[in-house]
Each structure stands twice: as structure tokens, then as C-alpha cells.
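Data block below; observations after.
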Amino acid sequence: MNTSRHDTHFAGHIPELYDRYLVPMLFAPCAGDIARRAAALEPSRVLETAAGTGAVTRALAQALPVHADIVATDLNQAMLDRAAMTHIGRTVTWQQANALQLPFDDASFDIVVCQFGAMFFPDKTAAFAQALRVLRPGGALLFNVWDRIEENEFADTITAALGRLFPADPPLFMKRTPHGYFDRDAISHDLAAAGFDAKPRFDTITQRSRASSADVVAIAYCQGTPLRNEIEARTGASLEEATSACAEAIAARFGSGPVAGKIQAHVIVVQR
């Protein structure tokens, strides 16, 4: 599936709800994993692309020695503004930047890190080529992507519930974009087309996503991601009604109290 231009639009109420609900539920656990992998490479200068509201940035700040420079970028200034509101305890350079046109010199970073951002790049090969360009010889691109939606239980349940609510035109943002770039052969092909000669290394990780209630999961997905834009563009049910329907579906599958669902992702590292 191709990425829609609306899939990269994180603005309005989305950054706040994304940071409040999705980050602790989905991104913080995986951020710790990717930050540990980055620290093991012992970089002195790190570029993060698609930094969002700073989940990985904060993890990198904890995992890396104080002398390591961290530059965190995102396409959406609203996400960076939200990220900068959280105290990190060390200097981080926040900069709005398009991963397809990075405003940095050639060979200026030891690693490029990207958590769950590659799926949103409208031209994956161009984004990977930019990462290659700014990497120093021997540097590495380290990123992760969600596995297929069937391996990610909350997203799968939300998408199915919305499909029942809007049968004529189901909102498919989650399947199309966050969970639409999981094929190892396709990823390897795009990296090679971007100029990476080395063979990428893949590691599939499985964790549990947790939330205090089914309502929190529904709000996170339906109102804290661009899925909100798809719901609001449709007739037949309001955003609140769609969120309620998704909460009922989550509760029916995972229970009415605190809930936990499987999440699965691929972690990829490729060296220049």
C-alpha cells in the first residue's frame, strides 16, 4: 500500500494525545531497546529522524555518554514543540527537517536512528540515500518498523472495529502505513537501491503493549494518530462514536480493566 500524504500530518490535538497515550503504550518500551543498540555502537554524533515527541531522544539521552551529540529532527514542527516541553537533562538539538532532504553535511554523523518512521517516508529509497549520505564511513543506519498488523493486536482490533463501523469505506491508516512496511525483502531492496552495499541485519522483537483501560487504547489510536483524520472525513459516525466503538472492541477482546496486547517489530541495522 502507498502512503497517503495525510498519513504524515501530525498536528492539532494529535501531538498532545500521541505523547500522552501512545508513547507510554507503544513507543517507550521499544525506545529503550533501540537506544541500547545505538549505545553499543559507541557513536560520538547521532542524528535521529522522525523523532516525533521525543521517546527515542529521551532514551538516547539516558543511554549515551554526555559527550555524544544528539540532533533530533522531525517533519512536523508541532511534534518537536511537544518533545521540547519534556526536560531531558542534557543538551539536544531539535530541528525541523524532512528525512528526504536532510540539511546536514556529508559524512557528519556516526549513526542515524529512526524509530517507526520509515513507514511514513513517501520515498523510502530517497530517505535511506540521505541517511547514507550523512553517515561517516563505518557508520550505521539503525531503525525499526512495525511487523504486519496481524502481529500487533491493538492495531488489528481497532482496524477491524472501524471496518465494521464504516463498511463502505473503512479507515485503513494503521494497515496502510504504520503496519504497511514489514517485508524484509522489500526493505533490503530499498536499502540496496539507496546505495548501501552491506547486507542489513534484521531482529524481530515481541513485547506487550499495556494501557490502564480499553478507553485509553481507543483514544490513543483514534484521536492520537492520523487515523483521526480518516475518521473525521467520513460520515455515519462521529469521532467520539468511533472511539467508543473501538473501546468496546478492545474491552471485548482484552477485558474491561487494564489491558495488554502483543506488539511486534523488526529492528534493522545496516552499515555504510
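Evaluate the following for Thr49: is it of a type in the set (Ser, Thr, Tyr), modelled with pLDDT of 90 or more and surrounded by 23 or more Cβ atoms within 10 Å (Cβ to Cβ)?
Here the answer is yes, as Thr49 does meet what is asked.
Would you point out which residue out of Ala28, Ala59, Ala39, Ala68 is within 25 Å of Glu153 (Cβ to Cβ) and modelled with pLDDT of 95 or more?
Numbers: Ala28 fails: modelled with pLDDT of 95 or more; Ala39 fails: within 25 Å of Glu153 (Cβ to Cβ); Ala68 fails: within 25 Å of Glu153 (Cβ to Cβ).
From the options Ala28, Ala59, Ala39, Ala68, the qualifying one is Ala59.
Just one of His179, His266 is within 26 Å of Pro29 (Cβ to Cβ) and in a strand (DSSP E or B); which is it?
On inspection, the qualifying residue turns out to be His266.
Determine the pairs where a residue that is more than 16 Å from Cys114 (Cβ to Cβ), located within segment 70-94, has a partner that is open to solvent by 50 Å² or more (accessible area, probe 1.4 Å) and basic (Lys, Arg) with Cβ atoms under 7 Å apart, the partner being 6 or more residues away or on another chain.
Thr86/Arg58; Ile88/Arg58
How many of the residues in segment 60-78 are surrounded by 24 or more Cβ atoms within 10 Å (Cβ to Cβ) and in a helix (DSSP H, G or I)?
Result for segment 60-78: 1.
What is the number of the single condition among (1) in a loop (DSSP other than H, G, I, E, B); (2) closer than 26 Å to Phe182 by Cβ that Val145 does not meet?
So the condition that Val145 fails would be (1).
Which residue, of Phe196, Phe166, Phe173, Phe182, is in contact with a helix residue (DSSP H, G or I) (Cβ under 9 Å, 6 or more places away or on another chain) and open to solvent by 30 Å² or more (accessible area, probe 1.4 Å)?
Unique residue meeting the criteria: Phe182.
Would you confirm, using the coordinates I've provided, whether Ala107 is under 17 Å from the mean Cα position of the chain (by Cα) and closer than 24 Å to Ala198 by Cα?
no
Out of all the residues in segment 218-233, is one or more in contact with a helix residue (DSSP H, G or I) (Cβ under 9 Å, 6 or more places away or on another chain) and more than 23 Å from Met79 (Cβ to Cβ)?
The answer is no, given that none of the residues of segment 218-233 is in contact with a helix residue (DSSP H, G or I) (Cβ under 9 Å, 6 or more places away or on another chain) and more than 23 Å from Met79 (Cβ to Cβ).
For segment 79-105, what are the residues that are in contact with a strand residue (DSSP E or B) (Cβ under 9 Å, 6 or more places away or on another chain), in a loop (DSSP other than H, G, I, E, B) and not aliphatic (A, V, I, L, M)?
Arg90, Thr91, Asn98, Pro103, Phe104
Would you confirm whether or not segment 239-258 contains a residue that is assigned to a loop (DSSP other than H, G, I, E, B) and either of a type in the set (Phe, Trp, Tyr) or crowded, with 19+ Cβ neighbours inside 10 Å (or both)?
Checked against the condition, which is being assigned to a loop (DSSP other than H, G, I, E, B) and either of a type in the set (Phe, Trp, Tyr) or crowded, with 19+ Cβ neighbours inside 10 Å (or both), segment 239-258 yields no hits at all.
What is the one condition in (1) closer than 14 Å to Tyr18 by Cβ; (2) open to solvent by 70 Å² or more (accessible area, probe 1.4 Å); (3) touching a residue at least 24 places away in the same chain (Cβ under 8 Å) that Gln101 does not satisfy?
The failed condition is (1).
Yes or no, residue by residue, for (1) of a type in the set (Ser, Thr, Tyr); (2) in contact (Cβ under 8 Å) with a residue 24 or more places away in the chain; (3) over 23 Å from Ala28 (Cα atoms):
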{"site": "Leu162", "(1), (2), (3)": "no, yes, yes"}
{"site": "Leu172", "(1), (2), (3)": "no, yes, yes"}
{"site": "Ala186", "(1), (2), (3)": "no, no, yes"}
{"site": "Thr225", "(1), (2), (3)": "yes, yes, no"}
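So, Gln223, is that one under 13 Å from Glu153 (Cα atoms) and either touching a Ser or Thr at 6+ places or on another chain (Cβ under 6 Å) or not aliphatic (A, V, I, L, M) (or both) or not?
Values: under 13 Å from Glu153 (Cα atoms): no; either touching a Ser or Thr at 6+ places or on another chain (Cβ under 6 Å) or not aliphatic (A, V, I, L, M) (or both): yes.
Answer is no for this residue.
Just need a number here: residues in segment 199-216 that are in contact (Cβ under 8 Å) with a residue 60 or more places away in the chain, surrounded by 14 or more Cβ atoms within 10 Å (Cβ to Cβ) and in contact with a Ser or Thr (Cβ under 8 Å, 6 or more places away or on another chain).
Count: 1.
The values are calculated or read from the model by the stated rules, or taken from the named source; none is laboratory data. What you see is a predicted model, and the numbers here were worked out from it, not measured in a lab. Here Cβ is always computed from backbone atoms with ideal geometry, including for glycine, and neighbour counts include all displayed protein chains. Side chains are part of the model used for accessible areas, which takes the heavy atoms of the whole protein and leaves out ligands, DNA and RNA. Shrake-Rupley method; radii C 1.70, N 1.55, O 1.52, S 1.80 Å.
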